[in-house]
Amino acid sequence: MAKEKIEKHIEIKNRRASFEYFFLETYTAGIVLTGTEIKSIRQGKVNLTDAYCVFNSNELMIKQMHISQYNEGTHYNHEPLRDRLLLLQKRELKKLVNKLKDVGLTIVPTRMFISDRGFAKIDIALAKGKKLYDKRETIKEKDVKRNLERE
């Protein structure tokens, strides 16, 4: 049986978030995980596409982040879509709560990585949704950039 490679340097990006939102501020947060979750993250089996962050009694939680079950896990394996607690400083949490009172703002995860000390970290962004014409402009800029690189 072939074991999957466990990498030390992991960087998982949410490319859809940059297409759907304008990022106003970014923060780096820690995540509370179980043993098999960190092993799956080190294998790169994470999906941030549909994930979003909400406040639950003064704690920031990330929802809909899919971390696949660990292949070698037993009956102690984790739930793939469970809510996970994000770790930020109190002043950062208060700042985010105050900013979320504005209409149209949300918190989305943009990138997950393993720090130098071996901890899983996630970059979250305070974001404002793009309108349809903003998305068209983004597509147009990407096409122009791609055509310039080809020439």
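Quick notes
- Filter pass, LEU60 being over 15 Å from the mean Cα position of the chain (by Cα), more than 20 Å from ARG117 (Cα to Cα) and not β-branched (Val, Ile, Thr): no
- Scanning segment 113-151 for residues that are assigned to a loop (DSSP other than H, G, I, E, B) and small (Gly, Ala, Ser), we see that the one that is nearest to TYR52 (Cα to Cα) is SER115.
- Any hit, segment 63-75, residues being charged (D, E, K, R) and touching a Phe, Trp or Tyr at 6+ places or on another chain (Cβ under 7 Å): yes
- Checked against the criterion of being within 28 Å of HIS9 (Cα to Cα) and under 19 Å from the mean Cα position of the chain (by Cα), the candidates GLU79, GLU72 yield just one match: GLU79.
- Test for GLN43: is it of a type outside the set (Ser, Thr, Tyr), surrounded by 13 or more Cβ atoms within 10 Å (Cβ to Cβ) and more than 19 Å from ILE124 (Cβ to Cβ): yes
- Test: ASN58 is at pLDDT below 90 and at positive phi: yes
- Helices (runs of 4 or more DSSP H) fully within segment 1-107 that include at least 1 residues being over 30 Å from LYS131 (Cα atoms): 35-42, 90-100.
- Residue in segment 6-14 that is in contact with a helix residue (DSSP H, G or I) (Cβ under 9 Å, 6 or more places away or on another chain) and either of a type in the set (Phe, Trp, Tyr) or surrounded by 14 or more Cβ atoms within 10 Å (Cβ to Cβ) (or both) present: yes
- Residue selected from segment 60-102 under the condition under 18 Å from ALA29 (Cβ atoms) and among the β-branched types (Val, Ile, Thr), by the criterion surrounded by the fewest Cβ atoms within 10 Å (Cβ to Cβ): VAL97
- Some residue of segment 103-120 being surrounded by fewer than 10 Cβ atoms within 10 Å (Cβ to Cβ), of a type in the set (A, V, I, L, M, F, W, C) and either on the phi < 0 side of the Ramachandran plot or free of Cβ contacts under 8 Å to residues at least 12 places away in the same chain (or both): yes
- Close Cβ contacts (under 9 Å, 6 or more residues apart or on different chains) running from residues in segment 9-23 that are under 13 Å from LEU48 (Cα atoms) to residues that are hydrophobic (A, V, I, L, M, F, W, C) and surrounded by fewer than 16 Cβ atoms within 10 Å (Cβ to Cβ) comprise ALA17/PHE23.
- Sole residue being without any contact (Cβ under 8 Å) to a residue 24 or more places away in the chain, over 16 Å from LEU126 (Cα atoms) and out of contact with any Cys (no Cβ under 9 Å at 6 or more places or on another chain), chosen from LEU81, LEU33, LEU85: LEU81
- Figure legend. Inter-residue proximity from segment 126-149: first residues in contact (Cβ under 8 Å) with a residue 60 or more places away in the chain and on the phi < 0 side of the Ramachandran plot, second residues assigned to a helix (DSSP H, G or I) and exposed (fewer than 10 other Cβ atoms within 10 Å of the Cβ), beta-carbon distance below 6 Å, spacing 6+ or different chains. No pairs are indicated.
The values are calculated or read from the model by the stated rules, or taken from the named source; none is laboratory data. As the structure is a prediction and not an experimental result, all values here were calculated from the model. Cβ: placed from backbone, ideal geometry, glycine included. Neighbour counts: every protein chain shown.
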